[in-house]
Amino acid sequence: IRYALQSEEWDIITIQQVSQNSGMTETFGNLQNILDYIKQYSKNPDAKIYWHMTWAYQQNSTHSGFANYGKDQMTMYNAILDAGKHVLENYEDIDGVIPSGTAVQNLRTSDFGDKVTRDGYHMSWSTGRYMTALTWFHTFTGYPVEYVEWYPTHSRAGISYAVNPDDLDVIRESVTNAVKDPFKVTTSQFAPIVEPVKTTALTDADRKLLKDAGFNPDEYAVLELEMHIQGYYNSSSA
């Protein structure tokens, strides 16, 4: 670390906690020692130190550390937010936060969905890595990401890094909103359209059937199910 710190007169130095512990402030006990070390060995006494906010895992992630948050994505995300607020409030040497975790969560509210990782926790080679790179860039420069025209289109060693140009607007939106509001999810304007479920009122016979089974009829409605060719309906009720 000393070699890296002294290899350049860095303007910005970033730190983070390992992802599975990034929402657990009880694991930050060595943080002040790390900050003191950076201050001692940085060649630039005016270097700014930024905290990198990592992201919550994909909801179906099999990472063992997901159990730290009850295997729930929003529980993990909110814990990461609280940890980010904690370090900003309690460590005066930290100058700002890089809200990658919020950019990811913003994207997940869009029609892109919860598929920004490649294995449940690492960013995908294409959209995920490109979006987090834009988050770093926008945080440090303030340059509007909608003016960044370059995006990866190549493959190498059997891995595609190509970003779908149709996703650029939602990527840019997610990054812009994250840097503007690092500690909250901003719902995407590209959110998926959810059609309302069609229902009809219960008949007297329906209400009696529910009451006899021990249920409150006021909590139920009848779904208008439409049959489709090659549709398959599987009831869980015997």
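Going by the structure shown, is MET53 surrounded by 21 or more Cβ atoms within 10 Å (Cβ to Cβ), within 28 Å of GLN6 (Cβ to Cβ) and hydrophobic (A, V, I, L, M, F, W, C)? Before the answer, list the steps.
Values: surrounded by 21 or more Cβ atoms within 10 Å (Cβ to Cβ): yes; within 28 Å of GLN6 (Cβ to Cβ): yes; hydrophobic (A, V, I, L, M, F, W, C): yes.
For MET53, the condition - surrounded by 21 or more Cβ atoms within 10 Å (Cβ to Cβ), within 28 Å of GLN6 (Cβ to Cβ) and hydrophobic (A, V, I, L, M, F, W, C) - is met.
Hey, among the residues in region 164-201 that are in a helix (DSSP H, G or I) and among the small types (Gly, Ala, Ser), which one's farthest from TYR220 (Cα to Cα)? Spell out the reasoning first.
The initial filter retains those residues of region 164-201 that are in a helix (DSSP H, G or I), namely 165-180.
Narrowing the set further to residues that are among the small types (Gly, Ala, Ser) leaves 174, 178.
Numbers: SER174: 37, ALA178: 39 Å.
By that ranking, first place goes to ALA178.
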### Summary
Residue pairs within 7 Å by beta carbon, gap of at least six or interchain, first lying in region 46-59 and within 18 Å of ASP114 (Cα to Cα), second among the acidic types (Asp, Glu) and open to solvent by 20 Å² or more (accessible area, probe 1.4 Å), listed first then second, are GLN58/ASP114; GLN59/ASP114
#### Entry: Of residues in region 188-231 being closer than 30 Å to THR141 by Cβ and among the hydrophobic types (A, V, I, L, M, F, W, C), the one least open to solvent (accessible area, probe 1.4 Å)
ALA191
### Message
Could you check region 133-142 and list, in sequence order, the residues that are open to solvent by 20 Å² or more (accessible area, probe 1.4 Å) and more than 13 Å from PRO182 (Cα to Cα)?
### Response
ALA133, PHE137, PHE140, THR141, GLY142
### Message
Of the conditions (1) within 27 Å of VAL18 (Cβ to Cβ); (2) open to solvent by 50 Å² or more (accessible area, probe 1.4 Å); (3) not aromatic (Phe, Trp, Tyr), PRO152 satisfies every one except a single condition; which number is it?
### Response
(2)
## Note on the structure
When (1) under 19 Å from TRP55 (Cα atoms); (2) open to solvent by less than 40 Å² (accessible area, probe 1.4 Å) are applied to VAL185, the one that fails is (2)
### Task
Filter region 95-104 down to residues that are open to solvent by less than 10 Å² (accessible area, probe 1.4 Å) and aliphatic (A, V, I, L, M) and give me whichever is nearest to ILE49 (Cα to Cα).
ILE98
### Message
Can you list residue pairs whose Cβ atoms sit under 6 Å apart, with the first residue in region 60-76 being aliphatic (A, V, I, L, M) and the second being in a loop (DSSP other than H, G, I, E, B)? Count only pairs 6 or more apart in sequence or on different chains.
### Response
MET76/GLY23; MET76/ALA56
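One residue is enough: does region 10-31 have a residue meeting the conditions assigned to a helix (DSSP H, G or I) and within 14 Å of the chain's Cα centre (by Cα)? If you could, list the steps in order and put the result at the bottom.
Looking only at region 10-31, we keep the residues that are assigned to a helix (DSSP H, G or I), and these are 19-21, 25-27, 31.
Among the residues that remain, those that are also within 14 Å of the chain's Cα centre (by Cα) are: 19-20.
Yes.
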### Test for SER61: is it open to solvent by less than 80 Å² (accessible area, probe 1.4 Å), in contact with a helix residue (DSSP H, G or I) (Cβ under 9 Å, 6 or more places away or on another chain) and over 28 Å from MET131 (Cβ atoms)
no
### Query
So which pairs qualify, if the first residue must be in region 101-127 and at pLDDT below 95, the second must be surrounded by fewer than 20 Cβ atoms within 10 Å (Cβ to Cβ) and among the hydrophobic types (A, V, I, L, M, F, W, C), the Cβ gap must be under 7 Å, and the two must be at least 6 apart or on different chains?
ASP111/PHE190; ASP111/ALA191
## Note on the structure
Checked region 70-90 for anything closer than 19 Å to TRP51 by Cβ and under 16 Å from the mean Cα position of the chain (by Cα); matches are MET76, TYR77, ASN78, ALA79, ILE80, LEU81, ASP82, ALA83, GLY84
### Query
Hey, among ASP36, ASP72, which residue is closer than 19 Å to ARG108 by Cα and charged (D, E, K, R)?
ASP72
### Task
Only residues in region 6-32 that are open to solvent by 40 Å² or more (accessible area, probe 1.4 Å) count as the first member; pair them with residues that are basic (Lys, Arg), Cβ under 6 angstrom, at least 6 apart or cross-chain, and list the lot.
GLN6/LYS43; GLU9/LYS43; ILE12/LYS48
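The values are calculated or read from the model by the stated rules, or taken from the named source; none is laboratory data. In this text the structure is predicted, and so the values were computed from the model without any measurement. No Cβ is skipped: glycine too gets one built from the backbone with ideal geometry, and neighbour counts run over all protein chains shown. Only protein heavy atoms, including side chains, enter the accessible area calculation; ligands, DNA and RNA are left aside. Shrake-Rupley method; radii C 1.70, N 1.55, O 1.52, S 1.80 Å.
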